[in-house]
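Since the structure comes first, as structure tokens, the remarks are kept for the end.
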Amino acid sequence: MKYRIKGGLLVIPGAGGTVQATKGDILIGNDRIEAVGDIGFQHHHAEDIAVIDAQGCAVIPGLINAHCHAGMSLLRSYADDMRLQPWLEEAIWPVEAVMTPDDIYWGTLLSGLEMLKGGVTTFADMYFAMEDVANATVEIGMKAVLSLGLIGIGPNAAEDLLATKAFFDTWHQGADDRIHVQLGPHAPYTCPPEYLREVVTLAKELGAGIHVHIAETEDEVDGVGQTYGRTPVEYLDDLGVFDTPPVLGAHCVYVTNQDQAILADRQVGVAHCPQSNQKLGAGIAPIPAMRALDIPVGLGTDGAASTGRLDLWAEMRAASYVQKVIDRDPEQLKAKEMLYMATRGGALALGLDDTGALVPGFRADLAIVDLSAAHLTPCHDPIALLAYAAGPSDVRDVMVDGEWVVRDCHLTTLDENKILRRCREQSKTLMQRVRGE
Ligand SMILES: [Zn+2]
């Protein structure tokens with residue numbers, strides 16, 4: 001099927017890691033963008049092209065959530081206002097110990113529903129029961145870079161390495177290349193050196209990328225420093241974790257100048273999760289410095305149990321505003337940089353070369369954002385409006401690989417109400433299991 005998306009304000013690449021807006025049309029053929037801007041008169045009246053009116057709308061690349069734990073959305077509002085270690089050890093891990101693949105399947109559909117309707121087309125995920133995550137992702141019509149979380153100090157460490165290999169063999173570049181698989185060593189503080197060596201050996205054997213939490217809190221930096229005499233970045237680099245690109249580092253809050261030089265040299269992508277980091281009181285990653293070193297930086301929500309919402313619009317604002325406060329400088333992380341990080345920056349951090357920009361030849365992943373709401377009126381500067389005033393409810397239509405997955409604010413692929421009903425039930429039975437009932 002071919003589509004001509006007509007008369008929208010197109011958000012296209014700008015200079016130096018930014019975006020710009022221009023009025024025009026987009027021609028979509030199969031799963032690719034064929035033309036952008038002036039698409040040529042021969043396409044204006046062709047009978048085999050469906051015309052979609054985007055007057056009064058912005059057309060943006062599909063947003064990329066660069067770090068998520070989609071299956072955790074069943075734990076939204078379960079445990080908040082706690083430090084990371086007690087939150088994990090006392091609240092989250094005991095629930096995860098009794099979670100079933102079914103819980104994770106439905107939790108992922110719930111996350112997918114929220115993300116797709118908010119304009120997110122691709123997410124990077126680390127969790128368990130990843131076959132179920134992959135199935136849910138494909139069924140709802142999204143794309144994902146998936147990794148089974150590997151806890152080297154956990155009881156399933158060896159078994160999960162074998163499961164990761166099987167998952168990679170089955171799913172990597174599967175579902176018409178909508179699913180990519182990476183290896184997911186959870187973090188420096190949960191993966192000792194001998195385990196990370198095994199992970200690196202497997203990554204090299206498979207040619208797989210890696211997704212890992214790095215330097216999220218000061219406690220982690222202190223712990224790794226006391227045990228290994230290194231920063232978390234140095235520790236991972238010494239063990240070869242950055243040797244098999246693409247490597248995605250979530251958080252990277254506490255990174256020294258030397259760490260940043262390593263990340264730049266190894267082209268490690270960074271998933272900046274400003275809302276998760278703020279809510280945890282963890283700190284904020286030095287994003288302007290890392291961008292200045294050409295480190296690919298995207299935006300991530302982390303799990304809904306950490307952040308509350310899987311909302312890339314809120315992450316754009318959080319990232320920009322907190323940086324302006326830290327530097328006492330309103331010129332830091334401008335609107336045009338935030339939209340870049342939420343789209344192309346995220347794609348590059350995930351190693352998706354042909355994704356995240358409205359450019360001919362790229363994958364046709366996009367969202368049409370209705371600019372008619374009160375909070376988007378008037379429109380002096382569409383880029384500022386999108387970064388600082390728009391939200392998930394303004395997203396009207398979403399396309400993934402040339403197919404409509406949201407039309408007129410409704411999911412086309414699955415029954416939204418069924419997902420919501422089932423997830424309420426699923427979370428009730430999960431809590432009964434936690435209480436041993
Ligand atoms: Zn995380």
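The values are calculated or read from the model by the stated rules, or taken from the named source; none is laboratory data. Just so it is clear, the structure is predicted and the values come from calculations on it, not from any experiment. Ideal geometry is used to build each Cβ from the backbone, glycine not excepted, and the neighbour counts take in all protein chains shown. Heavy atoms of the whole protein, side chains included, go into the accessibility calculation; ligands, DNA and RNA do not. Shrake-Rupley method; radii C 1.70, N 1.55, O 1.52, S 1.80 Å.
Can you name every one of the strands (runs of 3 or more DSSP E) wholly within segment 344-437 that holds 1 or more residues which are of a type in the set (Lys, Arg)?
Because the criterion is at least 1 residues that are of a type in the set (Lys, Arg), the strands (runs of 3 or more DSSP E) in segment 344-437 that meet it are 395-400, 403-407.
Spot the failing condition for Thr307; the list is (1) surrounded by fewer than 24 Cβ atoms within 10 Å (Cβ to Cβ); (2) at pLDDT below 95, and only one is missed.
Only one criterion is unmet by Thr307, namely (1).
Within segment 185-219, which residues are touching a helix residue (DSSP H, G or I) at 6+ places or on another chain (Cβ under 8 Å), within 16 Å of the ligand (Cβ to nearest atom) and closer than 22 Å to Leu352 by Cα?
Pro185, Ile210, Val212, Ile214
Cβ-Cβ distance below 7 Å, separation of 6 or more or different chains: which pairs start in segment 285-307 with a residue that is under 18 Å from Tyr321 (Cβ atoms) and away from the ligand (no atom under 16 Å from the Cβ) and end on one that is open to solvent by less than 10 Å² (accessible area, probe 1.4 Å) and part of a loop (DSSP other than H, G, I, E, B)?
If the second residue must be open to solvent by less than 10 Å² (accessible area, probe 1.4 Å) and part of a loop (DSSP other than H, G, I, E, B), the pairs left are Ile287/Leu333; Pro288/Leu333.
I need the full set of residues from segment 113-132 which are within 14 Å of the ligand (Cβ to nearest atom) and either part of a helix (DSSP H, G or I) or open to solvent by less than 20 Å² (accessible area, probe 1.4 Å) (or both), in order please.
Residues satisfying the conditions are Phe123, Ala124, Asp125, Met126, Tyr127.
Looking only at segment 260-279, how many residues end up being assigned to a helix (DSSP H, G or I), touching a strand residue (DSSP E or B) at 6+ places or on another chain (Cβ under 9 Å) and more than 12 Å from the ligand (Cβ to nearest atom)?
Qualifying residue count for the region: 2.
How many residues does segment 210-259 hold that are outside any helix (DSSP H, G or I) and in contact (Cβ under 8 Å) with a residue 24 or more places away in the chain?
27
Scan segment 148-188 residue by residue and report those that are of a type in the set (S, T, N, Q), assigned to a loop (DSSP other than H, G, I, E, B) and over 18 Å from the mean Cα position of the chain (by Cα).
Answer for segment 148-188, where residues must be of a type in the set (S, T, N, Q), assigned to a loop (DSSP other than H, G, I, E, B) and over 18 Å from the mean Cα position of the chain (by Cα): just Asn156.
Conditions (1) more than 16 Å from the ligand (Cβ to nearest atom); (2) modelled with pLDDT under 95; (3) farther than 27 Å from Val297 by Cβ; (4) not assigned by TED's automatic domain parsing to the domain that holds Ala144, marked per residue:
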| residue | (1), (2), (3), (4) |
| --- | --- |
| Ala50 | yes, yes, yes, yes |
| Asp53 | yes, no, yes, yes |
| Gly56 | yes, no, yes, yes |
| His69 | no, no, no, no |
| Ser73 | no, no, no, no |
| Tyr78 | no, no, yes, no |
| Gln85 | no, yes, no, no |
| Glu89 | no, yes, yes, no |
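For segment 354-370, give me each residue that is over 17 Å from Met142 (Cα atoms) and surrounded by fewer than 24 Cβ atoms within 10 Å (Cβ to Cβ).
Val359, Pro360, Gly361, Asp370
Pro330 is checked against (1) assigned to a helix (DSSP H, G or I); (2) more than 16 Å from the ligand (Cβ to nearest atom) and fails just one. What number does that condition carry?
(1)
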